[in-house]
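Nothing in this text is a laboratory measurement; each read-out follows from the coordinates by a stated rule. Bear in mind that the values here come from a model prediction, so they are computed numbers and not experimental data. Every residue, glycine among them, receives a Cβ derived from its backbone with ideal geometry; neighbour counts consider all protein chains shown.
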Amino acid sequence: MELHISLQGSKGLAEQLYQQLREGIDSGRLAAGTQLPPTRLLAEQLGVSRKTVAEAYSRLTYDNLLSGKVGKGTFITPASTRLAPAGPAIPLASAATLAKWRSRSNLLADLAPSTLRYDFIGGASSKAQFPFDDWRRCNQYALRQIRRGSARYAAHQGLPELREAIARHIAFARGVRCHSSDVLVCNGAQQALDLIARILIEPGCRVAMEDPGYTPARQLFLSQGALLQYVPVDDQGLCVEQIAEGTRLIYVTPSHQFPLGMPMSLARRQALLERAAALGAIIIEDDYDSEFRYEGRPTDSLQSMDRHGLVAYVGTFSKTLLPELRLGYAIVPEALREAICVAKQLTDWHTPTLNQWALARFISEGALLKHIRRVHEVYAARRERILQRLQGDLAPWFEVIPATAGYHLSALTKGGLEVEFLINMARKVEVGLYSLAPFYAQAPVRSGLLLGFGAIELLDIDPALDRVRDTLQTLG
């Protein structure tokens, strides 16, 4: 890659080169540690004599801005990186809009990687369970496919091979009714939510969602200008009868309500579909972690019950595999398909094909189902141990909300226990606990904890909960 230098005329070339390099170094555009081209190479690129380049380099070295390393080359010295002085701030015409975006709190994004010894954070999986050897082999296959292909952009909806693999997998695992043409591959479930919101929401239109609910979805809809209705939930799920007239979009997590955990009853699902049909509203079914089910019979997805093309089913591989892969998908009703493909193209054209090829191979050779079965046993053991403790020595302080799927549990507090105080005290003994309160948009807020068990090892659960119990006993 050539160094960008622009020389004018045929006189004072060494001075021009010196000044441009000096400005690049002083401004920080040329960062400390950057290697400059050899004098002969830069002279050829600029069409000047080698002596001209050597003179500019010599002056910069004298100024302690460059240093030479024998056998390696010429580098910008670390002490030379300086930022250009900032001028007076100019009021931006977009200041009010920027302020709105800064005000969009995102609880999950604000959770920094924990340094605590024990952590019950939700939505995180254990890397110790990830099949790195299988994934490495699939990545090697993906590289071979890319090498054989043309150097062009891929299809907006995703690789046909991956879309076909996803359609087969969710038909088997979740009973979703779809063809590969219905599948849109996304950068995680969050992009799927964003794309659906982009094509359906206009400023002032009404969107209904659960309260408590998934905070990033709430902030996303608000950022699109939606008029949000926060619909309460009970032990059967969303209170469908409270959905207002004029609602255009309904967001739900029916298989494992986020964050409380209970599944939506069959009667409530049917009522929701009927209400959506009467309104002409699209339902987003966020099925984020229900592939891990521990008790009871499987429940039908809303999408499999839909007879009018109103349900957009959103899934993710962040829970079954790793969040860092950024792989998710949406099963899109036919009425939305053309519009959402346009939105996907305008957003990022397509999801990176390397991961797409690798995941297609990973699914088609059965590695995904094998991995899910293996980690299901791991999560089931962790879940059972937490339940035993919550229903045992921790029962005086907590009441578990029944949940049959996923890898977090929620527990309500008893006896006026102050959750935030408990959380702060637990952190002092190296235990990470998390409140349900931030997931509520409106009062009344139910006091309780969200206890994730995806990232905490089985052998760490008892020592962690022992510390919680001892803290609670100390608090009286």
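Observations on the model:
- A dipole drawn for region 13-80 from +1 and -1 charges on Cβ atoms has a positive end, and of Leu65, Leu36, Gln19 the residue lying farthest that way is Leu36.
- On the basis of the beta-carbon distance and an R0 of 41 Å, Arg374 and Leu3 show a calculated FRET efficiency of 0.20.
- Label separation (Tyr294 vs Thr34): 5.4 nm, computed from points 7 Å beyond Cα along the C-beta direction.
- For Val48, the shell of other residues with beta-carbons less than 13 Å away shows a net charge of +1, using +1 for Lys and Arg and -1 for Asp and Glu.
- Other residues lying with their Cβ under 10 Å from the Cβ of Ser126 contribute a combined charge of +1, Lys and Arg counting +1, Asp and Glu -1.
- The modelled label-to-label distance between Tyr62 and Gln345, using points 7 Å beyond Cα along the C-beta direction, is 5.9 nm.
- Partner lysines for Lys127 [C-alpha distance under 22 Å; skip if fewer than 8 residues away on the same chain]: Lys319, Lys370
- Annotation: extensible slack from Ser27 through Ala155 equals 42.0 nm (criterion: 0.36 nm per residue apart, minus Cα-Cα distance).
- Each residue, Leu354 and Leu475, gets one label point 7 Å from its Cα in the Cβ direction; the gap between the two is 4.6 nm.
- Linear extension gain, Arg148 paired with Asp466, 0.36 nm per residue minus alpha-carbon span: 108.9 nm
- Correct choice for Cα Rg over 2.2 N^0.38 Å that was computed from the model, options (i) 1.22; (ii) 0.98; (iii) 1.04: (i)
- Summed side-chain charge close to Ser364 - residues other than Ser364 whose Cβ falls under 9 Å, Lys, Arg +1, Asp, Glu -1: -1
- Cα gyration tensor category, rounded, prolate or oblate, for region 205-271 with a/c compared to 1.5: oblate
- Here region 130-365 is assigned +1 on the Cβ of each Lys and Arg and -1 on the Cβ of each Asp and Glu. Its dipole about the Cα centre then comes out at about 900 debye.
- Descending semi-axes in Å of region 13-80, equivalent ellipsoid built from Cα gyration tensor: 18, 14, 10
- Straight-distance candidates among the lysines for linking to Lys72, with alpha-carbon spacing under 22 Å and chain neighbours fewer than 8 residues away dropped: Lys51.
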